[in-house]
Amino acid sequence: MKSDTPEELNSDKEIERLIDEIMSSNLPELTDEQYRKKMQRRKEVQDRRIAQAVPEKGLIIVNTGNGKGKTTAALGMVLRSLGHGYKVAIIQFIKGAWEPAEKAAFSYWEDQLEFHAMGEGFTWETQDRDRDLDKANAAWEKSLEYIQNPDFQLVLLDEINIALKMGYLQVEDVLAGLAKKPPNKHVILTGRGAPTAIIERADLVTEMTLVKHPFRDQGVKAQPGIEF
């Protein structure tokens, strides 16, 4: 492996290359001394990377893809934010025909959390395009209130990507709304099919990949605590 010193790592690509070299080694087969040296080198690289990092900033975060876990991952960030004492708003664009269990779970933080389930369920259940449009636009107007409110550090727009994909909202309007957020505010957009323009604007994008799913592969219905 090339012996770079931390001072020679002058780009993200160089740092990523070195990390890949270190972590691609067959670690279980190393001697204790070899392992210690590799982990020491890994720490040097990581410390350099942290030292080069920019100050904190409000992020636009996108969880998309066909795999399960987009909302679940976002709710984990909500929980962390509440634990730090931050104020959080959740606006759900599709859910609303049923009471989501996460709303009950988060009731402990009712002084910090605003929760709005403003949809009416899956689009194939409502079967009313005009009504779906009205619900999505009402949810977006509510979202804008929290996006622009400096008192809220995190806003979760749950399944807004689906509303965009269905044409209930315009990408340009959402981008314009995101541009109005205070510099330190984080906004999470979830749902499959995130538009390219949203992905390009985002700071952090995760695509959930579907490998196996109990409903698709085994015919297992949605279960409390797992899906809702």
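What follows draws every value from the coordinates through simple rules; no lab data is involved. A quick note: this is a predicted structure, and the numbers were derived from the prediction, not measured. All Cβ positions, glycine included, derive from the backbone under ideal geometry; neighbour counts span all protein chains shown.
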Legend entry - Ranking of HIS84, HIS186 by count of other Cβ atoms within 10 Å, fewest first: HIS84, HIS186
Legend entry - Linear extension gain, GLU172 paired with TYR108, 0.36 nm per residue minus alpha-carbon span: 19.4 nm
Inset, instruction - Please report the orientation-averaged projected area of the range 37-175, defined via the convex hull of its C-alpha atoms, in nm². - result: 11.2 nm²
Inset, instruction - Starting from the range 86-187, pick out the GluC sites (Glu not before Pro) whose DSSP state is loop and whose Cβ has at most 11 other Cβ atoms within 10 Å. - result: GLU110
Legend entry - Amide H contacts under 5 Å for GLY58, placed H, 5+ residues apart: ASN184, LYS185
Inset, instruction - Report the FRET efficiency, 1/(1 + (r/R0)^6), for GLU227 and GLU207, where r is their Cβ-Cβ distance and R0 is 22 Å, rounded to 0.05. - result: 0.65
Legend entry - Whole-Hz couplings from phi, Karplus 6.51/-1.76/1.60, listed for the range 140-148; x for Gly and Pro: 5, 4, 5, 4, 4, 4, 7, 4, 8
Legend entry - Counted charge near ARG192, where neighbours are those whose Cβ lies closer than 12 Å (Asp, Glu -1; Lys, Arg +1): +1
Inset, instruction - List every residue whose amide H lies under 5 Å from the amide H of VAL205, counting only residues 5 or more places away in sequence or on a different chain, with H placed 1.01 Å from N in the peptide plane. - result: VAL62
Inset, instruction - Output ³J(HN,Hα) for the range 216-226: one whole-Hz value per residue in order, computed from phi by the Karplus curve 6.51 cos²θ - 1.76 cosθ + 1.60 with θ = phi - 60°, and x for Gly and Pro. - result: 5, 8, 10, x, 7, 6, 4, 10, x, x, 10
Legend entry - Long-range amide H partners of GLY67 with built H, under 5 Å: MET208, THR209, LEU210
Legend entry - Estimated inter-spin distance, VAL220 and GLN34, nm [label 7 Å along Cα→Cβ]: 4.0 nm
Legend entry - Global form of the range 99-191, assessed from the alpha-carbon gyration tensor, a/c cut-off 1.5: oblate
